[in-house]
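J.: Sending over a structure as C-alpha cells; questions will come in a sec.
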Amino acid sequence: MSGGDAGAAHPLHSGDFDTIRAEEAAWLAQRRTAQGLPAPAGDEVGLSFSGGGIRSAVFNLGVIEALESRGLMSRVDYLSSVSGGGYIAGAYSWLRAQLDAAQPDTFGTPLADGGGTALDWFRRHVQYLIAERGFSMWTLLASIGAAVFLNLLVVVAPLILITDVMTLGFIGVPWPALSTDLPMPSHHEGYLLLLGAAGMCFALWPFAALRFAWIATRQGLSSSGRVDSARIGLGLLPMFGTMFLLVGSIPVVAHWLDHWLMQAAPTLTGGGGPLTSLGAIASGAAAFWRGQVRRTIGGDRLAMIGLAFLVYGLFVFAYSVAEHIDTLHSPVFLGFLALSLLLGVFCNLNAISIHGYYRDRLRQALMPATAAAPKADAYGFRNDDITPTTGAPLHLVCATLNTRTSPDERRRSREGDCFSFSPLHYGSSATGWADARTNRNFDARLATSIAIAGAAVDPDSPMTRNRPLSILMAMFNLRLGYWGFNPNPDARRALPIPRWWMRIGREITGLHLDERWRDIHLSDGGQFENLGLYELIRRRLPYLIAIDAGSDPDYSYADLGNAIERVRVDFGAEIQLAFSPDDPPRPWRLGQVRYADGTRGRLLYFKPCLHGAVSVDVIAYQRRSPSFPNEPTSNQFFCEAQFEAYRWLARETVRAASPNREIGSVADWFDALEAAQDAWPVAAAHAPTVA
C-alpha cells in the first residue's frame, strides 16, 4: 500500500470518517448526560471561533460570557476553533476540565492564588507574548534571535560544504579554453558541467519546439497525451536551463564581485568575495523592504526581485567562504560542521524555533491555576484530558496540513488541507485520523495544538507562495509552524539523515511537503479555512453558530466566502445567507445549510460591527481608534481599554440577537431570530459617525 493511502486498517488509525463520527456520538451522549440533557437525536449544536489573533480571542471571550448568561453555552456540543479563536477556546476547555458541569460562569472561577477570577487573569495577560513576570520585548526579540542563530549554525556549515563539493575539483579535467573565456577558477568541473547543462537545455529548446509542432500536427487529434507531454517538455527545458545557469554561475558572480571590490578597495583583497556577497544580501533585503513599503504592483515585483537577490547572495556567500578556506582541513570549519551535526541529531527544531516560545506563552496566559483544581498540570494537559463527564463541548482545534507536493490535484493546488485535533482523534482526510488517547507518537498537548493552529508566520505555508521568501524564512528559522508525525502509520520514511537537516532541506527545496511522508508540516488553520466551519459542516450538524472575528475593515466577507466555497466543493454543502452588494454590516444573520444527503442545517453568523445597542465606552474607544472593531491582526499587544471594548461589544452583539424572553433551546433561539431577522433595523447596523 502506498504511503498516501489513508484508509489502511490499523488499531490506532482510521480513514473512515463514519467511524470517527460514531465515536464522537458516544462521547457527546456522555457530555449531554453530565449536563442533564437528553442524548443527541439530530439536534447537535456546533460553535466556531474564527482566526484573528488576540482580537478574536477577546471578542469570543465576550461571546462565551453572553451565551453562558442565557444558559446556551451548555447546549453547545462541538466547539471548533481556528488560530486566535483557539486561544480562548483552549482557555475555556482548560477551565471546564476543572469545574463542575453545573457551574455556569466559567470565567468567574476564582484563581488558586486568590488574585481574582480567570477573567481578571486574562485581562492582565492580554499581552500574552510578554505578560509573564520577567518577560519583556527584549525577551521576545532575544528568543527570535536565538532561533535564527541556532538555525544558521545548523544550515550554514553544510551549505558551505555543498558549494565546495559541487566544484568536483577532484575530477581534475583540464578545460583550458573555458577557463580562458570564463572568469571561472580552476578545478571547478562541477560548476562547468552545470553551465554546460544549461547551454544544452537552451540549445535543445528549438528542437523541442519543432518536435512539438510535428506531434501537434500529426497526432493532435489521436493522441492528446503526447501533445501535452511535448508542451510540458517545452516548459521544463528553460526552467531547468535557468536553474542550472544560476547555480553554475555562482563562482562567476563571486569572482566578479571579488574583482570589483579589489579595484574599489585594494586593502580588502582576499576577503572580497564574502564581503561583497554580504553587500548583495543587504541590497536584496533593502529592495524587499522598499517593495513591501510601497505595496503596489511595482512594489510587489521589487520585493520579489529583492528576495531572489537576497537568497542568491546567501549561496554566493557560502561559496565565497568555501573558496577562502580549506574546508576539509580547517579545524574551525570542521568544528562548525560537527556542531551542526550534533544540533541536527539531538536538538528539536520545534522546541528551538519560535514555536516553543509561542506555545509556552499561550499556556501561561490562557491556562491559569484555579481554586477548583490548584494542582492541575497546565504543561502536560492534553487534548484527551477534555472529558465528557465535565459537560464541556468536544473541542476541535483546526490547523493546516501542508500539501504543496501532494499527488492529489485539489490538495496540491490549495497547498493545504484541514488538520484537526480533538479529545478523541487527530488527523485529516488526507492522512486519516489517529487515536489521540492511546497514540503517543505526536505531541497532543492542548497548548501545542493551539499554537500550531495559530502559526500564521511560517515558510512553505499556503499563504507563503513566494519561493525566495519561503527559502529565506526556512534558513533563518522564522517559523511558528510545527513538524509532526503523520497519523498514518504506513506513511513513507525519509532518508536516515539528521531530522533537522531533512526538515530544513524540504522547506528550502519545497519538496516532499505532503500527506505521504512520516514527517508532516502543520501551520495556521486560517490558511485553509479561517471560520472553523469546515469541520462542523463535515459533521452535518443541524445547528451552527459561527463567529467571524477576522480583520475585515471593508466588510468584504472574504473568510465567509472562502468557507462557503470550500464546503461546497468538498462536502457538497450549500450555505445560504441573505446578502446584497449594498448591505450595511449587521451584527448577526441567520441562514441555512443544505447538505449533500438532503438534510438541512441552520447557521447563525455573527460579525463584529458597531450597532445601535453598544455602550458609551465602546463608542469612546472607537473614536480613539477609528479602525475598531477591525484593527489589524498584527497588533497582538492589547491594552485594557482595547480588551474591554472588544469583550463588551461581543456581549452586546449576542444580546442584540437575543429575544426578550426565556430561551428553552438553541432551536427555540433560532426560531425567534428567524421571525426577527427581516425586522432588524438597518440604521442600527451603521457605525456612529466620527467627526
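J.: Before we move on, is Asp300 at pLDDT below 80, more than 19 Å from Ala474 (Cα to Cα) and of a type in the set (Asp, Glu)?
T.: It is true that Asp300 is at pLDDT below 80, more than 19 Å from Ala474 (Cα to Cα) and of a type in the set (Asp, Glu).
J.: Among the residues in region 153-171, are any modelled with pLDDT under 85, in a helix (DSSP H, G or I), surrounded by 15 or more Cβ atoms within 10 Å (Cβ to Cβ) and charged (D, E, K, R)?
T.: No: region 153-171 contains no residue that is modelled with pLDDT under 85, in a helix (DSSP H, G or I), surrounded by 15 or more Cβ atoms within 10 Å (Cβ to Cβ) and charged (D, E, K, R).
J.: Among what's in region 322-345 and is under 30 Å from the mean Cα position of the chain (by Cα) and of a type outside the set (A, V, I, L, M), pick the residue that is farthest from Pro158 (Cα to Cα).
T.: Among residues in region 322-345 that are under 30 Å from the mean Cα position of the chain (by Cα) and of a type outside the set (A, V, I, L, M), the one farthest from Pro158 (Cα to Cα) is Gly344.
J.: Within the group Ala455, Ala494, Ala474, which residue is part of a loop (DSSP other than H, G, I, E, B) and within 21 Å of Gly356 (Cβ to Cβ)? Steps first, please.
T.: Numbers: Ala494 fails: within 21 Å of Gly356 (Cβ to Cβ); Ala474 fails: part of a loop (DSSP other than H, G, I, E, B).
After ruling out the rest, the residue left standing is Ala455.
J.: So Arg440 clears everything in (1) in contact with a Gly (Cβ under 8 Å, 6 or more places away or on another chain); (2) surrounded by fewer than 24 Cβ atoms within 10 Å (Cβ to Cβ); (3) among the charged types (D, E, K, R); (4) over 21 Å from Asn151 (Cβ atoms) except one condition, right? Which one?
T.: Every listed condition holds for Arg440 apart from (1).
J.: Restricting the search to region 322-374, which residues are crowded, with 19+ Cβ neighbours inside 10 Å and charged (D, E, K, R)?
T.: Across region 322-374, the qualifying residues are Glu323, Arg359, Arg361, Arg363.
J.: Another one. Out of Ala66, Ala26, Ala34, report the one residue that is loosely packed, with under 15 Cβ neighbours inside 10 Å and on the phi < 0 side of the Ramachandran plot.
T.: When all the criteria are applied, what remains is Ala26.
J.: Starting from residues that are more than 19 Å from Arg516 (Cα to Cα) and polar (S, T, N, Q), keep the ones in region 421-438 and report whichever is modelled with the lowest pLDDT.
T.: Residue satisfying both the conditions and the ranking: Thr438.
J.: If you go through region 634-659 one residue at a time, how many are over 24 Å from Leu544 (Cβ atoms) and of a type outside the set (A, V, I, L, M, F, W, C)?
T.: The qualifying residues number 6.
J.: Further question on the same structure: Among residues belonging to region 194-245 that are out of contact with any Lys or Arg (no Cβ under 9 Å at 6 or more places or on another chain), in contact (Cβ under 8 Å) with a residue 12 or more places away in the chain and among the β-branched types (Val, Ile, Thr), point out the one that is nearest to Tyr312 (Cα to Cα).
T.: Looking at the filtered set, the residue picked out is Thr242.
J.: Still on this structure, please answer the following. Kindly state which helices (runs of 4 or more DSSP H) lie completely within region 19-136 and contain at least 2 residues that are within 30 Å of Leu401 (Cα to Cα).
T.: 53-69, 84-96
J.: Related question: Please work out if Arg600 is among the charged types (D, E, K, R), in contact (Cβ under 8 Å) with a residue 12 or more places away in the chain and in contact with a helix residue (DSSP H, G or I) (Cβ under 7 Å, 6 or more places away or on another chain).
T.: Values: among the charged types (D, E, K, R): yes; in contact (Cβ under 8 Å) with a residue 12 or more places away in the chain: yes; in contact with a helix residue (DSSP H, G or I) (Cβ under 7 Å, 6 or more places away or on another chain): no.
No, not satisfied.
J.: Which residue, of Ala371, Ala365, Ala338, is at pLDDT 90 or above and within 20 Å of Pro104 (Cα to Cα)? Please lay out each step first, then the result.
T.: Details: Ala365 fails: within 20 Å of Pro104 (Cα to Cα); Ala338 fails: within 20 Å of Pro104 (Cα to Cα).
None of the other options fit; the residue is Ala371.
J.: May I ask you to verify whether Asp377 is charged (D, E, K, R) and surrounded by fewer than 18 Cβ atoms within 10 Å (Cβ to Cβ)?
T.: Criteria met by Asp377.
J.: Sticking with this structure for a sec: Would you mind stating whether Val593 is exposed (fewer than 13 other Cβ atoms within 10 Å of the Cβ) and either modelled with pLDDT of 95 or more or within 21 Å of Gly62 (Cα to Cα) (or both)? Full working, then the answer.
T.: Working: exposed (fewer than 13 other Cβ atoms within 10 Å of the Cβ): no; either modelled with pLDDT of 95 or more or within 21 Å of Gly62 (Cα to Cα) (or both): yes.
For Val593, the condition - exposed (fewer than 13 other Cβ atoms within 10 Å of the Cβ) and either modelled with pLDDT of 95 or more or within 21 Å of Gly62 (Cα to Cα) (or both) - is not met.
J.: With the requirement that a residue be under 14 Å from Gly427 (Cα atoms) and in contact with a helix residue (DSSP H, G or I) (Cβ under 6 Å, 6 or more places away or on another chain), what does region 483-522 give you?
T.: Trp483, Leu522
J.: Next up: Is it the case, given these coordinates, that Ala455 is in contact with a Leu (Cβ under 8 Å, 6 or more places away or on another chain), under 17 Å from Asn402 (Cβ atoms), among the aliphatic types (A, V, I, L, M) and surrounded by 24 or more Cβ atoms within 10 Å (Cβ to Cβ)?
T.: yes
J.: Given the structure, is Trp214 at pLDDT below 90, closer than 30 Å to Asp164 by Cβ, assigned to a helix (DSSP H, G or I) and of a type outside the set (A, V, I, L, M)?
T.: Considered against the rule, which asks whether it is at pLDDT below 90, closer than 30 Å to Asp164 by Cβ, assigned to a helix (DSSP H, G or I) and of a type outside the set (A, V, I, L, M), Trp214 comes out as no.
J.: A follow-up question, please. Residues to consider are Gly484, Gly550, Gly505; find the one that is in a strand (DSSP E or B) and either more than 17 Å from the chain's Cα centre (by Cα) or among the small types (Gly, Ala, Ser) (or both).
T.: Gly484
J.: Tell me which residues, restricted to region 620-656, are crowded, with 16+ Cβ neighbours inside 10 Å, over 25 Å from Gly532 (Cα atoms) and in contact (Cβ under 8 Å) with a residue 60 or more places away in the chain.
T.: Within region 620-656, just Gln622 meets the criteria.
J.: Something else about it: Restricting to region 662-677, name every residue that is within 14 Å of Asp43 (Cβ to Cβ) and either of a type in the set (Val, Ile, Thr) or part of a helix (DSSP H, G or I) (or both).
T.: Initially, region 662-677 is screened for residues within 14 Å of Asp43 (Cβ to Cβ), giving 664-671.
Matches in region 662-677: Val666, Ala667, Asp668, Trp669, Phe670, Asp671.
The values are calculated or read from the model by the stated rules, or taken from the named source; none is laboratory data. In this text, all values refer to a predicted model and were calculated from it rather than measured experimentally. Cβ coordinates were reconstructed from backbone atoms using ideal geometry, including for glycine residues, and neighbour counts include every protein chain displayed.
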